[in-house]
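Peer 1: The structure follows.
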Amino acid sequence: MNTRTLSPEDYWRAVVSRKWLVISAILVSLSIAGAMCALMPKIYQSATKMWFEGAKIEESIVSGPNPAGMGYAPTLDDRVMEVRQFVMGRKTLGQIAGEFGLFGYEKERPDSAESENAVRAMRGSIKVEPTKDKLFITLSFSNEDPIIARDVTSRLSDLFIEETLKDRERGVEAAEDFLGLEMKHAKSELEAKEKIISEFKQLHLGELPQQIDANLRKLDRLQEDMRSQSEQSQSLASRLVQIDKSIKDYEETGEIGSDSSLGGTSKRHKDPRLGRIKELERRLVELSSTYKETYPDLVQVKEEIRKLKEMTSAQYRDLLPESDEVDEPIATKKPRRKAIDPYHADLLKQREDIVIELDGVKRRQAHISSEIAQYERRVEHTPEREQKLKTLERDYENLQKNYQSLLDKKLSAGMQKSLAQGRKGAKFSIVDPAYTPVVPVVPNIPIIMAAGLVLGCALGFGGAVGLELMGRGFRSAEEVEVTLGLPVIASIPLYESAFGGSMQTVRTLSGKSRTSSLLLSGSTQKGGEDPVAGSLTAITSRSKGQNGQLHSPTPGLELVSMWRPLSFVAEQYRVAATRLELMTGDRKSTAIVVTSAVMGEGKSSTALNLGYVLAKDLDRRTIVIDCDLKRPMQHIYAGVWQHPGLVEVLRGTKVVEDCIQRLGESGPWILPAGSVGDNPLALSKMHQLADLITDLKERFDYVIIDAPPVLPLADMQVLASMGDLLAYVVKASMTGRDIVQKALKAIGDTANVGIILNGLDAHTTPYYMQQAYYREAHHEQLK
């Protein structure tokens, strides 16, 4: 069943129509729930709340620090598991079951089947779980006797706390022994590592990382001394060259020349005093460019130059070695000892001192070079020694930390042992002791009654809606033909497929058109006036045409064949008109009665669209008569004036020619219902309607009669016999099958009956019957 076409009103109508079914289902479900609450055995549950504390000290004794550096702290789930393992243990359960005589436990035969079953029953009655706020642990026990439930819960909590204290004492003692051995081993390793570090430092003294700065400073000083000695060596070498040159110059300028080979006469050289002064002045210039004014050699040279300038050449010669004034023949000359020159001796002494000092400078340079090489080797080896020393120190620090940790744990173990012996450091404490339960937990009366109410509502409402859905109508033409055995003339989709919008939009636009038509049709009929007079006024106003007082009403959107002639809805109406024409056979004129089982199935719009298609597309003279005098709609859908109409013709106040109206230039003629009023037309007038239809068949090819529904009214039984064909409109997925069949039985002869399935939902319509497919095909034809 296609439930998409059901509106909330349909569901509510289905529930209201079967309200006793819904009420009965709810009452039965509540009764069953109440009986279950009364008959089920009562189970009481007692609970106690425990809080664990003082846990971090104990766990930190036997466990090292975590990566975050904090002591291990068990979570609440760990504590819950610890409590559950104890209370669910066979030993604990057997002890409790034996003390209270629960579930047939046998103390003398703990391994028997009865004892095993008792232990299993105990496990099923005990619950250990955290509270919702994750702060406490709840230990509960369920039993039929509330006193036993309370006592067993209290006993379980006491046993657990006692066993926890014993385990704690044993754990602390074992931890102390273990920590003692570990500390002894750690201490020996620590001492051995200290000895290795000390030997390493002694072996590599001077190459340790903390001495690198001192080595670098010493190396800088040695390099500075080396540069100083190099400068001093260069200076001494330069002085030695100067001394050697001075000696040579002095020896060349300070002696008396020998006899000339020409004429045997002797010549003297230039004044030796002046030569000596020039020599000293050259040396003074050299010394001044190298040393300061206070340098001893520089001072000595200046003093000697001053003395030589003060004395005469004769005085200077007197200072020279004595020589014979009279020339003696060479043969008669005797060798004589040469006198010592003090200046020359001084130069030689200075040269000797410079040579000795230069040799000392070279020895100091060699010593400094060796020291530099030694300190460079120390600096080069320092990174290697530093890496090795860091490794040794890191191992030492780890051993030291381990030893300190063991020491702290041993102190904590001693403190924990004291607290455990004094029963002041318990991990678990009772926050809320076990209580005597008053309200049973089984059965849970509120939940059972609520479940019964929900089940009753579900069964009641579901049954009502299910029965309603089972009575729903047809969804396809195949279902109609198989179920009713009648041919389906056409399958009309919903109008929204033709207008391309939602049905709410179509209804809104149709409502506006309908409102304007109602206002215009009723504007000439005031309260208390004669309906016939109002009709005359309307005709007079309509005859004025374009005088501006009143305008003709506009056809409603229900006339899809006019507003959307290319839509598939209009195409299906053309199919229906064609098949009806084929069903007429050789008749010159045919009366077609259009009806439905109940109102709201679209028979009036179907009758109007059939008449429009026959007149417009098939070029047949067609008239549509609105015979639904209880609910006339043709004047609204066709956009014509409601009166005068059929009522006036049957009453004899008007002739047909004055009442019929043409829908456009090529559309069908419309005979509206006329002034219906509050007094319906009597059935005695129906023979006049038959005569009218016979008369109209002489003038028109098709007379389409918009008849009232079959079931609510008695008019249809009379109108059915006036038509040659009967078009039976069925609203898809809405009109119940039993209602359709009941209406067909009321009609009687169904030999000339054809079914028009109206209002097919887009979800059940094939693609080739949808507007998009038809629009694409039409575009292809236009191309």
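Peer 1: List, in order, the whole-Hz ³J(HN,Hα) value for each residue of segment 379-396 obtained from phi through the Karplus relation with A = 6.51, B = -1.76, C = 1.60 and θ = phi - 60°; use x for Gly and Pro.
Peer 2: Calculated HN-Hα couplings, in order: 5, 5, 7, 4, x, 5, 5, 5, 5, 5, 5, 4, 4, 5, 5, 5, 4, 5 Hz.
Peer 1: Order the peptides 344-350, 96-102 from the highest to the lowest mean number of other Cβ atoms within 10 Å of their residues. Spell out each step's value before the answer.
Peer 2: On the way: 344-350: 14.0, 96-102: 17.3.
Output ranking for 344-350, 96-102: 96-102, 344-350.
Peer 1: Also, quick follow-up: Taking only pairs that are 8 or more places apart or on different chains, how many Lys pairs in segment 363-415 have Cα atoms under 25 angstrom apart?
Peer 2: On the way: LYS388/LYS401; LYS390/LYS401; LYS401/LYS409; LYS401/LYS410.
So the count of such lysine pairs works out to 4.
Peer 1: Explain nothing, just compute: Karplus ³J(HN,Hα) = 6.51 cos²θ - 1.76 cosθ + 1.60, θ = phi - 60°, for every residue of segment 288-302 in order, whole Hz, x for Gly and Pro.
Peer 2: 5, 6, 10, 10, 7, 5, 8, 5, x, 4, 5, 5, 5, 5, 4
Peer 1: Quick query: amide H of ARG475 versus all other amide H atoms, modeled in the peptide plane; which residues come in under 5 Å with a sequence gap of 5 or more or a different chain?
Peer 2: For ARG475, the qualifying residues are SER733.
Peer 1: Let me ask something additional. For segment 350-403, state the average projected area of the convex hull of the C-alpha atoms over all orientations, rounded to one decimal in nm². It would help to have the intermediate numbers written out before the result.
Peer 2: Numbers: hull surface 20.0 nm².
Orientation-averaged projected area of the Cα hull: 5.0 nm².
Peer 1: Let me ask something else about it. Using each residue's phi in segment 746-752, evaluate 6.51 cos²θ - 1.76 cosθ + 1.60 at θ = phi - 60° and report the 3J(HN,Hα) Karplus result to the nearest Hz, with x for Gly and Pro.
Peer 2: The phi angles translate into 5, 5, x, 5, 10, 5, 10 Hz.
Peer 1: Among the listed pairs LYS248/LYS309; LYS245/LYS309; LYS19/LYS42, give every one whose C-alpha distance is greater than 25 Å.
Peer 2: Values: LYS248/LYS309 22 Å; LYS245/LYS309 22 Å; LYS19/LYS42 36 Å.
Those over the limit are LYS19/LYS42.
Peer 1: Once you place label points 7 Å from the Cα toward the Cβ at GLU191 and GLU224, how far apart are they in nm?
Peer 2: It is 4.8 nm.
Peer 1: Same structure, new question: Going by the alpha-carbon gyration tensor, a ≥ b ≥ c the square roots of its eigenvalues, is segment 594-736 rounded (a/c under 1.5) or, if a/c is not under 1.5, prolate (a/b greater than b/c) versus oblate? Provide the component values of the computation, followed by the final result.
Peer 2: Working: a/c = 1.44, a/b = 1.06, b/c = 1.35.
Cα axes put segment 594-736 in the rounded bin.
Peer 1: Now for a different question. Highest mean first, how do 203-211, 18-26 rank when packing is the count of other Cβ atoms within 10 Å averaged over residues? List each step's numbers first, then the result.
Peer 2: Values: 203-211: 14.6, 18-26: 16.2.
Result, highest mean Cβ count within 10 Å first: 18-26, 203-211.
Peer 1: Just to be sure I understand the model, the point goes 7 Å from the Cα along the line to the Cβ. What's the resulting VAL438 to ARG651 distance in nm?
Peer 2: Modelled inter-label distance: 8.1 nm.
Peer 1: Additional query: Within the set LYS603/LYS630; LYS588/LYS630; LYS91/LYS134; LYS697/LYS742, which residue pairs have Cα atoms separated by over 23 Å? Walk me through the numbers before you get to the answer.
Peer 2: Values: LYS603/LYS630 14 Å; LYS588/LYS630 31 Å; LYS91/LYS134 29 Å; LYS697/LYS742 31 Å.
Too far apart for the 23 Å limit: LYS588/LYS630; LYS91/LYS134; LYS697/LYS742.
Peer 1: Remind me, relative contact order of segment 127-242 in percent, using alpha carbon pairs under 8 angstrom and six or more residues apart? Could the numbers behind the result be given before it?
Peer 2: Values: 27 pairs, mean separation 9.9, N = 116.
Relative contact order here is 9 percent.
Peer 1: Taking 22 Å as R0, compute the FRET efficiency from the Cβ-Cβ separation of GLU371 and LEU203 and round it to 0.05. Working shown, then result.
Peer 2: On the way: r = 21 Å, r/R0 = 0.96.
Step by step, r from the Cβ atoms, then E = 0.55.
Peer 1: In bins 5 Å wide, starting from 0, what share of all Cα pairs of segment 431-484 does each bin hold, as a percent?
Peer 2: Binned Cα distances yield the sequence 4, 14, 10, 11, 9, 9, 8, 7, 6, 5, 5, 3, 3, 2, 2, 1.
Peer 1: Testing the spin-label approximation: label points 7 Å from Cα along Cα→Cβ at VAL379 and SER17. State their distance in nm.
Peer 2: Output for this residue pair reads 11.0 nm.
Peer 1: Under 5 Å between amide H atoms, partner at least 5 residues away or on a different chain: which partners does VAL431 have, H built in plane at 1.01 Å?
Peer 2: Amide H neighbours of VAL431, under 5 Å, 5+ apart: LYS49, MET50, TRP51.
Peer 1: Sticking with this structure for a sec: When ranked by the protection proxy of mean other Cβ atoms within 10 Å per residue, highest first, what sequence do the peptides 578-585, 486-493, 110-117 form?
Peer 2: Working: 578-585: 15.5, 486-493: 22.2, 110-117: 13.5.
In descending order of packing, they fall as 486-493, 578-585, 110-117.
Peer 1: Long-range amide H contacts for ARG662: which residues qualify at under 5 Å (H placed 1.01 Å from N, peptide plane, sequence gap of 5 or more or a different chain)?
Peer 2: ILE670
Every number in this text was worked out from the coordinates using simple rules, so none of it is lab data. None of these values were measured; they are calculated from a predicted model. With ideal geometry, Cβ positions are generated from the backbone for all residues, glycine too; neighbour counts draw on all protein chains shown.
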